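Here the structure is laid out as structure tokens; the discussion comes afterwards.
Each value in this text was obtained by applying a stated rule to the coordinates, not by laboratory testing. If you're wondering where the values come from, they're calculated on a predicted model, not measured in any experiment. Positions of Cβ are backbone-derived with ideal geometry, glycine not excepted, and every protein chain shown enters the neighbour counts.
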Amino acid sequence: MKVILTQTDTTVGFLSQNEQRLKEIKERASSKPFIEVYPELKILLSSGHRVPNRFKNRIRRSTKTTFIIKNRAFRVAKNSLDSQILRDSLWHYSTSANEKSKKFNRDFCEYKADIIIEDRDRLRELSASSLYKLNQIKIEKIR
């Protein structure tokens, strides 16, 4: 599985279905999970995620928002870049493209990525997604 460097719906990110490879790049503890990104809610639900009915509409319509349910973080985000590689993927792990605790460094990211996808706006560091924790009853904003 390849690691892709691209502009995500929020900021510059590494995308891959290989969680171990992303952990090596980010020097992340094995206990800290990555965000799973799906192009639509239907695919998220078919992957085994259970979402309380009262929040399904909110998740479907949300933009630049990550949700956590039972320690699994996920986001529903359409791919904004016209890339066949991204369209063919039903899901991928996502993380910001930077070294551990540092800002975006293009040289580092290009060295670590197998594939680079960018449009005419180039790669740019923007703000992270909003983060909400859900359970059957309530929603709590974390970031």
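What to note about this one:
- Three-way shape call for segment 73-143 based on the alpha-carbon gyration tensor, with the a/c threshold at 1.5: oblate
- Neighbourhood net charge (12 Å Cβ-Cβ; Lys/Arg +1, Asp/Glu -1) for Leu45: +3
- Centre separation in Å (Cα based) which lies between segment 67-106 and segment 14-52: 8 Å
- A dipole drawn for the chain from +1 and -1 charges on Cβ atoms has a positive end, and of Asn98, Pro52, Ser31 the residue lying farthest that way is Pro52.
- Dimensions of the chain based on its C-alpha atoms, expressed as ranges along the principal axes with the largest first, amount to 45, 32, 26 Å.
- Under a Gaussian network description of the chain, with springs only between Cα atoms under 10 Å, the residue in Asn98, Asn53, Asn71 that fluctuates furthest is Asn53.
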